[in-house]
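K.L.:
Here it is, the structure in full.
The values are calculated or read from the model by the stated rules, or taken from the named source; none is laboratory data. Everything numeric here is computed off the predicted structure, so don't read it as measured data. FYI the Cβ positions are ideal-geometry reconstructions off the backbone, even for glycines, and counts take in every protein chain you see. The accessibility values were calculated without ligands, DNA or RNA, using every heavy atom of the protein model including side chains. Shrake-Rupley method; radii C 1.70, N 1.55, O 1.52, S 1.80 Å.
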Amino acid sequence: MKQYKTLDMNDGRGGEHIQTHARPLWIISTFLISYLLNLASSTANVLWLPDPLALTLIYWTIHHPRHVGMTIAFICGLLMDVQNGSVLGQQALAYVILSYSAYSLHRRLPWFGLAGQALHILPLLLVSQLVVLMIRLWFDGLWPGFPWFLQSFTGALLWPAASLILSLPERRSLGRESV
């Protein structure tokens, strides 16, 4: 297993950490948990709740672009289309565009702190929602209203917490682990 010694600028303490590759089981379980959270939030019928599957997809596309990419995004999007009962492919297209956009930032984004990353994540989430909105307007003619866009803002606000939670198994401090 490859291990990279990195100086962690994001946790606020400035401590050194060993960055390891994520285990495939952890990646799969985070996608499964995010999908289950989406199932639970769809029954709540609250428009401002963020899309945890989109945040998980962005995180893994940025941090492990060789393992998680547009194919996983397409599959997750199809699952969301089936869950929502919407036009098959609208969420899949939005997630593929989201994954591609996150991949284009995967070298740049880790250089920023969590607040700077959240500012980069906000337009990605908004573009993804705009794609879904355009398809929904084209096929259904339904306007969800401006509160529907709060989902992107709450997703960007929750990005630091989501990023820290998703990176927990990858981070080990140098004090506990010998190099």
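K.L.:
For the range 91-121, give me the residue count where each residue is touching a Gly at 6+ places or on another chain (Cβ under 8 Å), open to solvent by 30 Å² or more (accessible area, probe 1.4 Å) and free of Cβ contacts under 8 Å to residues at least 40 places away in the same chain. Before the answer, list the steps.
P.N.:
Applying the first criterion (touching a Gly at 6+ places or on another chain (Cβ under 8 Å)) to the range 91-121 yields 91-96, 99, 103, 121.
Right, trim to open to solvent by 30 Å² or more (accessible area, probe 1.4 Å) and you get 93, 96, 103.
Okay, now just the ones that are also free of Cβ contacts under 8 Å to residues at least 40 places away in the same chain, so 96.
Matching residues across the range 91-121 total 1.
K.L.:
Anything in the range 145-170 that is closer than 17 Å to Thr61 by Cβ and surrounded by fewer than 16 Cβ atoms within 10 Å (Cβ to Cβ)? List them, or say none.
P.N.:
Listed by number, the list holds a single entry, Ile165.
K.L.:
How many residues are of a type in the set (Phe, Trp, Tyr) and open to solvent by 20 Å² or more (accessible area, probe 1.4 Å) if we restrict to the range 48-62? Don't jump to the end; show me each part of the working.
P.N.:
Initially, the range 48-62 is screened for residues of a type in the set (Phe, Trp, Tyr), giving 48, 59-60.
Filter again for open to solvent by 20 Å² or more (accessible area, probe 1.4 Å), leaving 48.
Within the range 48-62, residues that are of a type in the set (Phe, Trp, Tyr) and open to solvent by 20 Å² or more (accessible area, probe 1.4 Å) number 1.
K.L.:
Scan the range 75-82 and tell me whether some residue there is under 18 Å from Pro169 (Cα atoms) and at pLDDT 85 or above. Walk me through it before giving the result.
P.N.:
Step one: of the range 75-82, the residues under 18 Å from Pro169 (Cα atoms) are none.
No, there is no match, as no residue in the range 75-82 is under 18 Å from Pro169 (Cα atoms) and at pLDDT 85 or above.
K.L.:
Further, regarding this structure: Need pairs with beta-carbon distance below 7 Å; first residue touching a residue at least 40 places away in the same chain (Cβ under 8 Å) and within the range 156-168, second among the polar types (S, T, N, Q) and open to solvent by less than 20 Å² (accessible area, probe 1.4 Å); sequence gap 6+ or separate chains.
P.N.:
Every condition considered, the pairs that remain are Trp159/Gln117; Ser163/Gln117; Leu166/Thr30; Leu166/Thr56.
K.L.:
Quick test for you: out of Thr43, Thr71, pick the one residue that is out of contact with any helix residue (DSSP H, G or I) (no Cβ under 8 Å at 6 or more places or on another chain), open to solvent by 50 Å² or more (accessible area, probe 1.4 Å) and either modelled with pLDDT of 90 or more or within 22 Å of Leu105 (Cβ to Cβ) (or both).
P.N.:
Values: Thr43 fails: either modelled with pLDDT of 90 or more or within 22 Å of Leu105 (Cβ to Cβ) (or both).
Among Thr43, Thr71, only Thr71 is out of contact with any helix residue (DSSP H, G or I) (no Cβ under 8 Å at 6 or more places or on another chain), open to solvent by 50 Å² or more (accessible area, probe 1.4 Å) and either modelled with pLDDT of 90 or more or within 22 Å of Leu105 (Cβ to Cβ) (or both).
K.L.:
Go through (1) outside any loop (DSSP other than H, G, I, E, B); (2) open to solvent by 70 Å² or more (accessible area, probe 1.4 Å); (3) at pLDDT below 95 for Ile18 and report which single condition fails.
P.N.:
In the conditions (1) outside any loop (DSSP other than H, G, I, E, B); (2) open to solvent by 70 Å² or more (accessible area, probe 1.4 Å); (3) at pLDDT below 95, Ile18 misses (2) alone.
K.L.:
Further question on the same structure: Taking Leu126 and the conditions (1) open to solvent by 80 Å² or more (accessible area, probe 1.4 Å); (2) over 14 Å from Ile62 (Cα atoms); (3) not aromatic (Phe, Trp, Tyr), which numbered condition does it fall short on, given that it satisfies the others?
P.N.:
Among (1) open to solvent by 80 Å² or more (accessible area, probe 1.4 Å); (2) over 14 Å from Ile62 (Cα atoms); (3) not aromatic (Phe, Trp, Tyr), Leu126 violates only (1).
K.L.:
Still on this structure, I have one more. If you go through the range 78-108 one residue at a time, how many are of a type outside the set (A, V, I, L, M, F, W, C) and over 21 Å from Gly141 (Cα atoms)?
P.N.:
Taking the range 78-108 and keeping what is of a type outside the set (A, V, I, L, M, F, W, C), we get 81, 83-86, 89-91, 95, 99-101, 103-104, 106-108.
Now restrict to residues that are over 21 Å from Gly141 (Cα atoms): 95, 99-101, 103-104, 106-108.
Count: 9.
K.L.:
Same structure, new question: Which residue, of Val68, Val96, Val82, Val127, is over 16 Å from the mean Cα position of the chain (by Cα) and among the aliphatic types (A, V, I, L, M)? Please lay out each step first, then the result.
P.N.:
Numbers: Val68 fails: over 16 Å from the mean Cα position of the chain (by Cα); Val96 fails: over 16 Å from the mean Cα position of the chain (by Cα); Val127 fails: over 16 Å from the mean Cα position of the chain (by Cα).
Answer to the selection: Val82.
K.L.:
Scan the range 95-110 and give yes if some residue there is of a type in the set (A, V, I, L, M, F, W, C) and within 18 Å of Leu37 (Cβ to Cβ), otherwise no.
P.N.:
To start, the set of residues in the range 95-110 that are of a type in the set (A, V, I, L, M, F, W, C) comprises 96-98, 102, 105, 109.
Okay, now just the ones that are also within 18 Å of Leu37 (Cβ to Cβ), so 98.
Yes, the range 95-110 contains a residue that is of a type in the set (A, V, I, L, M, F, W, C) and within 18 Å of Leu37 (Cβ to Cβ).
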